[in-house]
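Asks: Once you've had a glance at the structure underneath, I'll fire off some questions.
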Amino acid sequence: MAVASTRDADVAVVGAGAAGLYAALCAASEGASVTLVSATPLAQTASYWAQGGLAAALAADDSFELHLRDTERAGRGLVRRSAAEVLVREAPDRVGDLQSLGVRFDADRFGQLALGLEGGHSVRRVVHAGGSATGRRVVRQLSALVAAHPRVTVLEGARARALWVSDGSCRGLVCDGRIVLARAVLLSTGGAAALWERTTNPPGSQGVGMLLAHEAGAALADLELMQFHPTAVIGVRGREGFLVTEAIRGEGATLHDERGERFVDELAPRDEVARAIQELLVQTGARSVGLDMRGIDPARFPNVFSALREAGVDPSRELVPVAPAAHYMMGGIVTDLDGQSTVPGLYAVGEASCTGLHGANRLASNSLSECFVFARRAISHALSGTADAIERPGDSEAQRLASVPELTAASPETRAALWRDAGIFREREGLERLAGDTHPLARLIARCALARTESRGAHLRSDHPATEESFELRHAVVYADELDWQTWS
Ligand SMILES: Cc1cc2nc3c(=O)[nH]c(=O)nc-3n(C[C@H](O)[C@H](O)[C@H](O)COP(=O)(O)OP(=O)(O)OC[C@H]3O[C@@H](n4cnc5c(N)ncnc54)[C@H](O)[C@@H]3O)c2cc1C
């Protein structure tokens, strides 16, 4: 393939979900030129699908300390405290920024932000918009601003297929016949939950950015830590994997077994609720448990009620069949607190990144906050250094880059294998099988999961059911062919 053109920018951003859009706006507002590359339409980003909202300690009865404590408690001994501290301290200001960018969050009758409650939070702290249409509202507003910004060029429908690293630094990327050269490249390509057969995520969430970074020599970590959301719809045509937000349990919805009995604290952290459901399903052979939303006001969660009604389930009159599904990748591209990966010039933010903030089990609604907090920090850092001149590849290097093949989507066999062998409960035999899969990220996930010979948070090894002290605060980090255990401060 010939290289059609090159394009220069101060910052190249890959991915137009919450993290990428906000990063592009932060950079442009600092006077930088930005090229934003996005493979899928807006409505197919996880950000657009986000329902519950953003966690921020804004209530009178809340504090940074309390938000930090809940984050660490949910993260099961693996949260990197410095990253969690940054999140809890900076999230309230990012909510303010979004408001000043025109995002209208839901307010109570006194005009104060209405705050929702979700599992693992000890107080109400989830800021939302349009009831459970938070992601859609936020992303639409940010993308309208991006589209109108004179310093942002958007390459829509363009898929990054390689990063260009020269003299050990990332200098640009290749996408669909173009080479985008930049002083800094920021990957905000989202997570990898759609590698699993049963998922709440859009089909594009297959960890492509993680693989691009890995190929470029960056470290990845915690890939064994996939969070399974407890309440994804099952057995309803057209709505398979549709997420019923935890905020609905926060308002009083309850979970029931086949006999109609409650069996779990619905507001426990996600790993606990997902595990209780899966154990029950294994014991009874049932496919689903029932989510009772009959006491919930449909006006509070209009998009969830209407999506279910369109699919023929009326949540005001009947229980909704739900079961866990792959939802959120806690692992990803290793970064410091300024979004820097281990390759100079390459940044990662949002679900593609791994700061260690979520530990082994993300606290609900910390991820949207993370997108905004760390996108801003990464852009400040990227623009703060003395700007290097943009480097250009020679002709033969440009030809080589242009001929890098596109990463193909995971096959149905790989997706089935991840669900079977790296599902909620996993064990050595299945993981060893997965380690021979054709998909490179599936193999890395299997390696990390095999190495963590304990159960912690979202990682439940049937053959190693105990949580081992020796693994506390230890992250499985993969570089090229090496796996190394690191403790981050
Ligand atoms: C149904 C659902 C509900 C959720 N609810 C909440 C919630 O209430 N609160 C919360 O905090 N979190 C929630 N989450 C998680 C949260 O939405 C995500 O973690 C977050 O939105 C990720 O944002 P992002 O910008 O990192 O990635 P995404 O929003 O996934 O965007 C990724 C972008 O990268 C692009 N991309 C990927 N690969 C390439 C490539 N090779 N080249 C070019 N572009 C590429 C995609 O096209 C897309 O534009 C939810 C997730 C789901 C699926």
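The values are calculated or read from the model by the stated rules, or taken from the named source; none is laboratory data. Computed from a prediction, not measured in an experiment: that's the story for all the values here. Here the Cβ positions follow ideal geometry from the backbone for every residue, glycine too, while neighbour counts run over all protein chains shown. Note: accessible area is taken over every heavy atom of the protein model, side chains too, but ligands, DNA and RNA are not part of it. Shrake-Rupley method; radii C 1.70, N 1.55, O 1.52, S 1.80 Å.
Asks: Given (1) open to solvent by less than 40 Å² (accessible area, probe 1.4 Å); (2) part of a helix (DSSP H, G or I), where does ASN361 come up short, assuming only one miss?
Replies: Here ASN361 clears every test but (2).
Asks: Further, regarding this structure: Mind telling me which of the residues LEU155, LEU145 ends up being within 9 Å of the ligand (Cβ to nearest atom), of a type in the set (A, V, I, L, M, F, W, C) and open to solvent by 10 Å² or more (accessible area, probe 1.4 Å)? Lay out the reasoning, then the answer.
Replies: Numbers: LEU145 fails: within 9 Å of the ligand (Cβ to nearest atom).
Just one listed residue meets the conditions, LEU155.
Asks: For a quick check of your reading of the model, give me the residue pairs whose first member lies in region 89-109 and is on the phi < 0 side of the Ramachandran plot, whose second is exposed (fewer than 15 other Cβ atoms within 10 Å of the Cβ), with beta-carbon atoms closer than 8 Å and at least 6 apart or on different chains.
Replies: PHE105/GLN99
Asks: Please enumerate the residues belonging to region 234-247 that are under 16 Å from the mean Cα position of the chain (by Cα) and open to solvent by 20 Å² or more (accessible area, probe 1.4 Å).
Replies: LEU243, the sole residue that qualifies.
Asks: Sticking with this one: Scanning for something at pLDDT 90 or above and under 30 Å from LEU195 (Cα atoms), does region 378-392 turn up at least one residue?
Replies: Scanning region 378-392, I find at least one residue that is at pLDDT 90 or above and under 30 Å from LEU195 (Cα atoms), so the answer is yes.
Asks: Just one of GLY111, GLY102, GLY119 is within 16 Å of the ligand (Cβ to nearest atom) and part of a loop (DSSP other than H, G, I, E, B); which is it? Working first, answer last.
Replies: Numbers: GLY111 fails: within 16 Å of the ligand (Cβ to nearest atom); GLY102 fails: within 16 Å of the ligand (Cβ to nearest atom).
Being within 16 Å of the ligand (Cβ to nearest atom) and part of a loop (DSSP other than H, G, I, E, B) holds for just one of GLY111, GLY102, GLY119, which is GLY119.
Asks: What number goes with the only condition from (1) surrounded by 24 or more Cβ atoms within 10 Å (Cβ to Cβ); (2) in a strand (DSSP E or B); (3) away from the ligand (no atom under 16 Å from the Cβ) that ALA182 does not pass?
Replies: Condition not satisfied by ALA182: (3).
Asks: Among the candidates ARG376, ARG400, single out the residue that is touching a residue at least 12 places away in the same chain (Cβ under 8 Å), surrounded by 13 or more Cβ atoms within 10 Å (Cβ to Cβ) and in a helix (DSSP H, G or I).
Replies: ARG376
Asks: Follow-up. Which one of these is under 21 Å from the mean Cα position of the chain (by Cα), part of a strand (DSSP E or B), of a type outside the set (Asp, Glu) and surrounded by fewer than 23 Cβ atoms within 10 Å (Cβ to Cβ): ARG140, ARG161?
Replies: Details: ARG140 fails: part of a strand (DSSP E or B).
Result of the check over ARG140, ARG161: ARG161.
Asks: Can you find, within region 217-233, the residue that is farthest from HIS358 (Cα to Cα) among those that are open to solvent by less than 20 Å² (accessible area, probe 1.4 Å) and part of a loop (DSSP other than H, G, I, E, B)? Break it down into steps so the answer makes sense when it comes.
Replies: Filtering region 217-233 down to residues open to solvent by less than 20 Å² (accessible area, probe 1.4 Å) leaves 218-233.
Those left that are additionally part of a loop (DSSP other than H, G, I, E, B): 218-219, 222-225.
On the way: ALA218: 20, ALA219: 17, ASP222: 10, LEU223: 12, GLU224: 13, LEU225: 10 Å.
By that ranking, first place goes to ALA218.
Asks: Here's a follow-up. So, ARG137, is that one more than 22 Å from ALA382 (Cβ to Cβ) and not polar (S, T, N, Q) or not?
Replies: Details: more than 22 Å from ALA382 (Cβ to Cβ): yes; not polar (S, T, N, Q): yes.
Considered against the rule, which asks whether it is more than 22 Å from ALA382 (Cβ to Cβ) and not polar (S, T, N, Q), ARG137 comes out as yes.
Asks: How many residues are more than 7 Å from the ligand (Cβ to nearest atom), open to solvent by 10 Å² or more (accessible area, probe 1.4 Å) and in contact with a strand residue (DSSP E or B) (Cβ under 7 Å, 6 or more places away or on another chain) when one looks only at region 185-214?
Replies: Matching residues across region 185-214 total 3.
Asks: Taking the residues in region 31-85 that are closer than 28 Å to ARG140 by Cα and aromatic (Phe, Trp, Tyr) as candidates, determine which candidate is farthest from the ligand (Cβ to nearest atom).
Replies: Only one residue fits best here, namely TYR48.
Asks: Name the single residue, out of those in region 1-12 being open to solvent by 10 Å² or more (accessible area, probe 1.4 Å) and either part of a strand (DSSP E or B) or near the ligand (Cβ under 10 Å from one of its atoms) (or both), that is modelled with the highest pLDDT. Break it down stepwise before answering.
Replies: First, the residues of region 1-12 that are open to solvent by 10 Å² or more (accessible area, probe 1.4 Å): 1-8, 10.
Filter once more, so that each one left must be either part of a strand (DSSP E or B) or near the ligand (Cβ under 10 Å from one of its atoms) (or both): 5-8, 10.
Numbers: SER5: 65, THR6: 69, ARG7: 75, ASP8: 91, ASP10: 95.
Step by step, filter region 1-12, then rank; the result is ASP10.
Asks: Tell me, please, whether a residue that is at negative phi, more than 15 Å from the ligand (Cβ to nearest atom) and not aliphatic (A, V, I, L, M) can be found in region 13-23.
Replies: Filtering region 13-23 for residues at negative phi gives 13-14, 16-23.
In the following step, the residues that additionally are more than 15 Å from the ligand (Cβ to nearest atom) were identified as none.
No: region 13-23 contains no residue that is at negative phi, more than 15 Å from the ligand (Cβ to nearest atom) and not aliphatic (A, V, I, L, M).
Asks: Next up: Kindly provide the set of residues from region 256-292 that are basic (Lys, Arg) and outside any helix (DSSP H, G or I), ordered by number. Outline the logic, then answer.
Replies: Looking only at region 256-292, we keep the residues that are basic (Lys, Arg), and these are 259, 262, 270, 275, 287.
Hits for region 256-292 are ARG259, ARG262, ARG287.
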